[in-house]
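Visitor: Quick one: this structure, given as structure tokens, is what I'll be asking you about.
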Amino acid sequence: MQEWAIAATTGPTQESSKKRPRPSNNRAAKAEHFLTDVGRCLLSTATMVRQVRGATIRSFLLPSDDLYVTAAVEAGRAYAQLPQGKKAAPPFVYVAANLLIALTTDKQASPEARASAVKFCADKQTPSALLPYITVCRATRCFDKAHTRIELALAPLHVMEMVFQYLTASFVQHGAEELFGPPPRGPLERAIAQQLDALRS
């Protein structure tokens, strides 16, 4: 009876009155995990894109002072100076048109190559006429400023068009090195990889 009276007057013990700690919701840890997943997804996607590029786009490394590099760079500059309403086609079409014009005057190219370029360009009144033939055509400066990369991809129906076979053969005659496989990681992709490594450490 006395024990009951003590229990009734003192109430529950201090040990039993403690509340269970609630699980902490660590938003910072979740955000870091989410960013890591996003970075890994970006790197995976970028790797797949580089593999597709390597399989579908032909890349040639030429000296930066070469005839064809000069033609491609001049086409890009001319396109940039066009008024907005005068740009009837994407810039890569203008680059391709200038490369074909350069082939018509290339003294190192064979007479058959020059004749093929002249014949192909004869009925093409504007650069936009090349849209059915070309999907990629651009010149990109390399880290080594002495060289420039020219990339070229043709529409599936025109892969065997002879004038473009002559064009790429002329690249090689000018000392071009054709690059095979996926291109290396770009600066943004490398920066993402470095950030991921820093998060893991």
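The values are calculated or read from the model by the stated rules, or taken from the named source; none is laboratory data. Predicted model, so just to flag it, every value in this text is computed and none were measured. A quick note on method: Cβ atoms are made from the backbone with ideal geometry, for glycine too, and the neighbour counts reach across all protein chains shown.
Visitor: Being over 20 Å from Pro183 (Cβ atoms), of a type in the set (A, V, I, L, M, F, W, C) and modelled with pLDDT under 85 is the filter; apply it to the range 34-52 and report the residue that is nearest to the chain's Cα centre (by Cα).
Guide: Leu35
Visitor: Mind listing whichever residues of the range 109-128 are over 22 Å from His174 (Cα atoms) and either hydroxyl-bearing (Ser, Thr, Tyr) or exposed (fewer than 15 other Cβ atoms within 10 Å of the Cβ) (or both)?
Guide: Result: Lys119, Ala122, Asp123, Lys124, Gln125, Thr126, Ser128.
Visitor: Which residues, taken from the range 177-201, are over 14 Å from Arg50 (Cα atoms) and not in a loop (DSSP other than H, G, I, E, B)?
Guide: Listed by number, the residues that qualify are Glu177, Glu178, Ala191, Ile192, Ala193, Gln194, Gln195, Leu196, Asp197, Ala198, Leu199, Arg200.
Visitor: A follow-up question, please. Taking Asp106 as the residue in question, decide whether it is more than 22 Å from the chain's Cα centre (by Cα) and either surrounded by 12 or more Cβ atoms within 10 Å (Cβ to Cβ) or part of a strand (DSSP E or B) (or both).
Guide: yes
Visitor: Using beta carbons and a limit of 6 Å, which pairs, at least six apart or on different chains, have the first residue in the range 165-186 and under 18 Å from Ala96 (Cβ atoms) and the second one small (Gly, Ala, Ser) and part of a loop (DSSP other than H, G, I, E, B)?
Guide: Pairs found: Ser170/Ala109.
Visitor: So, in the range 47-69, how many residues would count as being buried (at least 16 other Cβ atoms within 10 Å of the Cβ), assigned to a helix (DSSP H, G or I) and touching a helix residue (DSSP H, G or I) at 6+ places or on another chain (Cβ under 9 Å)?
Guide: The qualifying residues number 3.
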